[in-house]
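Structure first, commentary second.
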């Protein structure tokens, strides 16, 4: 059995990691756990609960979602748009 290195209600350092970014802030452990366990941690500033992995005594790491940047530029009006299906005409029924 692994030793518990974070106890419930302990003050911990939350380490938020995303590509090119690392933030640290204070938190309060909502669960007890050992190294590598996933626990809930209260962000004391925002009062939100996040999940993170215990990465050391008093340290919980939260990994940010990987975001993909895609080009969302609309095409100019003069450029024809090709449809993946044939265009259809809607007819109003008079029945």
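Each reported figure results from applying straightforward, stated rules to the coordinates on display, with no laboratory input. The shown structure was predicted, so the numbers you read here are calculated from the model rather than taken from an experiment. Every residue, glycine among them, receives a Cβ derived from its backbone with ideal geometry; neighbour counts consider all protein chains shown.
With a simple spin-label model that places each label point 7 Å from the Cα along the Cα-to-Cβ direction, the separation between residue 38 and residue 25 comes to 2.1 nm.
Between residue 49 and residue 61, the modelled label-to-label distance comes to 2.4 nm, taking each label 7 Å out from Cα in the direction of the beta carbon. For region 4-63, with equal point scatterers placed on the C-alpha atoms only and solvent neglected, what are the log10 I(q)/I(0) values from the Debye formula at q = 0.18 1/Å, to two decimals? Cα-only, vacuum Debye calculation for region 4-63: -0.49. Here the relative contact order of region 4-63, from alpha carbon pairs under 8 Å that lie six or more residues apart, stands at 36 percent. When DSSP beta bridges are restricted to pairs lying wholly in region 4-63, around 80% turn out antiparallel.
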